[in-house]
1. Considering only residues that are more than 7 Å from chain A (Cβ to nearest Cβ) and of a type outside the set (A, V, I, L, M), look in the range C:91-102 and name the one that is surrounded by the fewest Cβ atoms within 10 Å (Cβ to Cβ).
2. Sort through B:Thr120, B:Thr109 and tell me the only one that's among the β-branched types (Val, Ile, Thr) and at pLDDT 85 or above.
3. Would you check if there is a residue in the range A:279-288 being closer than 30 Å to B:Pro136 by Cα and either in a helix (DSSP H, G or I) or more than 14 Å from the chain's Cα centre (by Cα) (or both)?
4. Checking C:Arg200 against (1) in contact with a helix residue (DSSP H, G or I) (Cβ under 7 Å, 6 or more places away or on another chain); (2) in a helix (DSSP H, G or I); (3) surrounded by 18 or more Cβ atoms within 10 Å (Cβ to Cβ), only one condition comes out false. Which one?
5. Identify the residue in the range B:114-147 that is more than 22 Å from A:Leu17 (Cα to Cα) and more than 9 Å from chain A (Cβ to nearest Cβ) and, among all such residues, is surrounded by the fewest Cβ atoms within 10 Å (Cβ to Cβ).
6. Somewhere in the range C:148-155, is a residue buried (at least 17 other Cβ atoms within 10 Å of the Cβ) and in contact with a strand residue (DSSP E or B) (Cβ under 9 Å, 6 or more places away or on another chain)?
7. Out of A:Leu200, A:Leu149, A:Leu174, A:Leu208, which single residue is touching an Asp or Glu at 6+ places or on another chain (Cβ under 6 Å) and not aromatic (Phe, Trp, Tyr)?
Amino acid sequence: MRRYVLSRLGQVILTLLIYITLVYFLLQAMPGDITQMYLANPKVPQAAREELRKQLGLDQGVVMQYLTYVKNFFRGELGVSFSHYPRPVWDILMERLPRTFVLFLTAHVLSFYVGYVMGRVIAWRRGRVVDYAATVVGITFWTAFYPLLALVLIWIFAYTLRLLPLNQFIEPKLWQGAPFSANTVFGYMVYGGGAVAIGLFLIFYAFLRGLKRTRRNVALAWLSGSVLVAVALLAASRAGLLVYIWDIVNHMVLPVCTLTLISFAGTMLLMRDSMLETVQEDYVMAAHAKGLPDTIVRDRYAARTAILPTVTSLVLSLASSMSGGLVTETMFSWPGLGQVLFHSALANDYPLATGALAFTGVFLLIAHFVADILYAVLDPRIAYTGQPAAEG
Amino acid sequence: MRGLSQNWAVFRESRIGMLGLIVILLFGVFGALWPIMINTVWDPLIYHPVVGFDPMLLHPSPPTKAHLLGTDPIGRDILAQLMFSTGREFLLGVLSALITVVIGTVIGTVAAYYGGFTDTFFMRVADIMMLFPFIPLLVVVGSMVRLTFFPFAIILGVLGGFGGITIILKAQALSVKVRPYIDAARVAGGSSFHIIRAHIIPNVLPLSFLYMMFNVTGAILSEATLSFFGVLNIDMSWGMMIHTAEAAGYLFDFGKYWWLWLPSGLAITLFCAAFYMVGRGLDEVVNPRLRKR
Amino acid sequence: MDPLLKLDDFTMHYRTKAGWVQAVDGVTLSLARGQALGLVGESGCGKTSIAMSVMKLLPYNSKVVRGRILFEGRDIYSMTDGEVRKMRWKGVAMIFQAAMNSLNPVYRVGNQIVEAIVTHEPETSEEEAWARVRSLFELVGIPKERMYHYPHEYSGGMKQRAVIAMALACNPKMIIADEPTTALDVIVQDKILREMDQIRRKINMSMIYISHDVSVIAEVSDVVAVMYAGKLVELGQADDVFKRPRHPYTYALMRAYPSILGEKHELATIPGEPPNLLDPPSGCRFHPRCDRASAECSKADPMWREICPGHYCTCHNPVEIGGTWVGQVRSGKAADGGDQLGTSSNS
């Protein structure tokens, strides 16, 4: 397992280098050389230009320029944004990254879970009405024109029904005179929420792992889980954070739901196809023969092994779902990486745009790495051979 | 390899696939109506999708007898735009998907046949391509050089061609390569080129064709998204129609100006869903394991 | 005493696009407690279909046309799902044709056995279940630390033993072993078969061995049933059937296998191919391939009749020559002669 993780890590770092190189040369090849634009932009004062020229190594050859660029990238010196002058690109991206991370993670976990559960059900009930209905509805959402779907949902839930707040990250009125900055609260929210999530996972794992799923254990798990959540909420409200956290969460609901709606079908259909294969496996037949209850055969045998190819393609589709994330952030004015990328690109803020593009790649690579590890945990055959075992 | 008619028989059993095929055919008819309409019924001055203008109405005008789906903020007929764009979407989707699939098939079969360095190289390239966030990249690139229709279709096709599809098609080609008749052909003195062309590619093609369907969906959606964000230089497309409405600020009052976004939005979704469904129908032809026993 | 399992004119068809496949047709047989039945026949003759019918694991396109299967006197096709689940593994366990693939690749082998035990005996704690797995592994001869391993870490023979251990986990009343050793090499195959037979006799369990391999069946069965094209053609004590086969098909099948210990004889092939069960031949289904066929054979379906006591056969012109030793009959049997009649005294 350790060797597997290390070799994966090596691959990720290598890919990152190639990616950064590609981004660099791609932008070099653009008409109106990026460095020229840097120097020609009227927003950048004269004094800063000399500094920039030096920092970018413009007085040296192409190879040196490239090396300087790579060196700067790994030191976090991505230059200064034009549109947010004089904020360094690094600062802006560091502020935005956690927001993208939270949105991306929540939506993906949710959509994977929904897709997994539904795929499991429709594969088990293949050829019934629910199979056709879920497939057609799923494909429709999957291929829906995303920006428009976002607009329609905003229009329905925020504009017409007024159930959820319109766009953005926070409600400015509420935050006037707030004793915290939005970023501080968001930080608490991420760490606190992360801790609670890990706690819940550990509780459920301890009580319900494998064969322990008795009625008493289920009750105990739910009980201690609720206690944990209650304690966390109480702590937040004592610190006066609760109302602000609630505001942020409220603003998250619509983008997360939209992202889930548009992407669950991918997992669902894959899960269905993959499970149609596993239900024909001998061990599923054997599980039936063992007299195990139907749901256990479905979940622990057919679905549990069918999940593996689904995770693989989840990994493969990370990049395209990142694109979905960009659209989401733009449509919902969620100030994350994607929105920065889009706005800076339209505002010809090249340092910020390249920085955001490079960071998107870094983000993706990390997600890719995590998914690879997850895959090895799910399939004991992987770490053993280093390769997914051939089925059958 | 089974014959065409047998494959058709299997495909016909897939309700999802047939549904998709019917929708595509309807779109085909709809798009084919465009040249007829503009040459006979419609006055090009009024109904031209890009430069037409109807001086008789205030714009955007809700549906009327003259403009069955209303007009856009600058006085162009929505129905005419929709019809005109249909053909272009077919062209864009099929062209870029074709490029993707041709590149993917060639690389996949060559990598599988020769193995070694060629194989490793292209597979690593595909790994990296799969990590590339294309839409953000194209947003950045598009904001620098406004891409026009054909360059955009070609870029989309080429970028896709080196990506994940090569891995899938290579796996398929590998499974063909180990079959005995390939050895037989080699022993019989067939050249590498001949074996790849005559034996491996025909066996990979059904899968290529299947992925072509999915790629059409991807290409159209990419075009619509980028058009919507205004980073493409395409005169008219379904995405552009929504972009026009959005840029003019009409999408804030959604319900009132429904004709500005609903027809084009529906067209994108239906069109893409149809290709996707045909892809799933083909999946049941290509992968017997998905079929009902 | 009631037989443990009884098939009564059991007839089951599969629906396909081309029509109904008559996979099992009018099979009647019974199995006493502690008895080992060998079911033999060419591939596609309906052996596995019978096994699946007994487990009530038939695919959705199957249909029981006629007859019943009684387990401990109860018709399994009128049981509720819950009752069927209880019957499975506790009543009838099964060793599948591809035993290699009947282990879930993502769970430890021990876990999969514990799961079966805990499901059927909720009063057993997980610790007790693990202890039982340990003793089962000892019984089938796998080092016990292996129970914490995953199936892919096992060798083929070991997987086979693990599957046998799993079948024994709930002390079932009978086990159906569908080609239990086909995937193994001959040495391992023989060893496993003997071990299984020993365990079976130790705990007085019933067993149905299914195989196309006459030598496998000969080695371990008390009673032998021969199937051809979905029909039972011959049934009797193993010695009787193998020493004095009465049905021409059984006779031909014996001749097609070499006998290591027996007399030398030329290996005979059976001409022609098994019939298409979509449209089986009229009369006796074997008549197109039979060298003893008469005019009657293509017209009338031969009756199921007792040719000599305890030996049944469906043939218009049964083989008459007696005493031809054609198969290798259970080498261990001579040593403990009492077992030979065990079945009759049991039932």
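The values are calculated or read from the model by the stated rules, or taken from the named source; none is laboratory data. What you see is a predicted model, and the numbers here were worked out from it, not measured in a lab. In this analysis, Cβ positions are derived from the backbone assuming ideal geometry, glycine residues included, and neighbour counts consider all displayed protein chains.
1. Taking the candidates together, the pick is C:Gln97.
2. It is B:Thr109.
3. No.
4. (1) is the only condition that C:Arg200 fails.
5. It comes out as B:Gly116.
6. For the range C:148-155, residues buried (at least 17 other Cβ atoms within 10 Å of the Cβ) and in contact with a strand residue (DSSP E or B) (Cβ under 9 Å, 6 or more places away or on another chain): absent.
7. A:Leu174
Listed here are the residues, each with its yes/no results for (1) in contact with a strand residue (DSSP E or B) (Cβ under 7 Å, 6 or more places away or on another chain); (2) basic (Lys, Arg); (3) crowded, with 23+ Cβ neighbours inside 10 Å.
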| residue | (1), (2), (3) |
| --- | --- |
| B:Ile200 | no, no, yes |
| B:Leu210 | no, no, no |
| B:Thr217 | no, no, yes |
| B:Ser222 | no, no, yes |
| B:Ser227 | no, no, yes |
| B:Asn233 | yes, no, no |
